[in-house]
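Step one of this worksheet: look at the structure below.
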Amino acid sequence: MRLTLLGIIGGSGLDRLDGLEGLRRERVSTPYGEPSSALSFGRLGGTEVAFLARHGDGHSLAPHRINYRANIRALHDCGVRDVVAVATVGGIREGLAPGMLVVPDQIIDYTHGRESTFFDGVAQPLEHVDFTQPFCASMRAALLRAGAAAGERPCDGGVYGATQGPRLETAAEIRRMARDGADLVGMTGMPEAVLAREMGLCYAMLAVVVNAAAGTGDNLNGVAIGEIRAVSSAAMKRVVAMLGMLAQSHGR
């Protein structure tokens, strides 16, 4: 039996985790300020989990306003060592259609101005971490197994491009990202992933494709925000079922 909590970070469309048994909420303070929301603790699939709403209660925090350092530190301090982060994304690569689930294996960071390290030489001494493989291999494998157990077939691998937001991208920006090798575009993967690495957490992402990226597929001339919300709402029901299978296997 694993003694550490499973951490779940909910993104757009998943600001609470239904089905938690024995739910309790706790405000956690960190040296880096307050996390996005109170942490929700409870049992999912028979396993103790800690859930954090990345964008805050009621989806109130823009991607560049999120206190990523406080979020990761709060999870760490509560005993979390394994983390799955749910994120909605646009599909850049052909074939990544709305409604698909992806477990990416690489990141390109296009963000700017975000507090992106604990080891800044001020709060903590300067250190360098290896980030060759930005996602934890064992958690990626666990997510893929959980997907199969839940009747899903998540795409294994993909390059996540992290943009600043909160606006969506231009068609030219997406063309550049495609040339760079990005398969997906989102706004919150960085610095979340590298902070988790610095804090020693086993972190992986479950990306939910909610639209074709700007200038691709059916969105050659624009992206319909209302359609994104509809796809996200339907997909999150499947995501919760998959998280339940992940939690169940994590407790073994």
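Just a few scattered comments:
- Gaussian network model of the chain, Cα within-10 Å springs - most flexible of 55, 112, 128: 128
- Calculated over the chain: convex hull of Cα atoms, volume per residue (Å³): 116 Å³
- Estimated vicinal HN-Hα couplings, Hz - segment 53-67 in sequence order (Karplus 6.51, -1.76, 1.60; Gly, Pro = x): 7, 4, 8, x, 5, x, 6, 9, 9, 5, x, 7, 9, 5, 8
- Order of 23, 184, 201 under a 10 Å beta carbon neighbour criterion, fewest first: 23, 201, 184
- Kirkwood hydrodynamic radius over Cα pairs of segment 35-172, then Stokes diffusion coefficient at 25 °C and 0.890 mPa s, in µm²/s: 142 µm²/s
- Residues whose placed amide H lies under 5 Å from that of residue 33, excluding near-sequence neighbours: none
- Across all Cα pairs in segment 185-252, the calculated P(r) in 10 Å bins from zero up to the longest distance comes to 17, 33, 34, 14, 2 percent per bin.
- When cysteine pairs in the chain are screened for C-beta atoms closer than 4.7 angstrom, the residues that find no partner are 78, 155.
- Likely footprinting exposure, 18, 130, fewest C-beta neighbours within 10 Å first: 130, 18
- The stretch between residue 124 and residue 234 holds 35.4 nm of extra length on full extension. This uses 0.36 nm per residue minus the Cα-Cα distance.
- Residues 116, 36, ranked from the fewest to the most other C-beta atoms within 10 Å, line up as 116, 36.
- Under a Gaussian network description of the chain, with springs only between Cα atoms under 10 Å, the residue in 172, 137, 207 that fluctuates furthest is 172.
- Working note: Cα gyration tensor of segment 91-202, eigenvalues times five, square-rooted, sorted largest first, giving semi-axes of 26, 21, 10 Å.
- DSSP assigns beta bridges within segment 5-250; of those with both partners inside it, close to 35 percent run antiparallel.
- Neighbourhood charge, 11 Å Cβ-Cβ cut-off, centred on residue 64 and excluding it, Lys, Arg +1 and Asp, Glu -1: +2
- Entry note, the chain: the mean residue ellipticity at 222 nm calculated from DSSP H runs of n ≥ 4, each adding -39500 (n - 2.57), is -9000 deg cm²/dmol after division by the residues and rounding to the nearest 500.
No lab work stands behind these numbers, since they all come straight from the coordinates. Just so you know, these numbers come straight off a predicted model, no measurement behind them. A quick note on method: Cβ atoms are made from the backbone with ideal geometry, for glycine too, and the neighbour counts reach across all protein chains shown.
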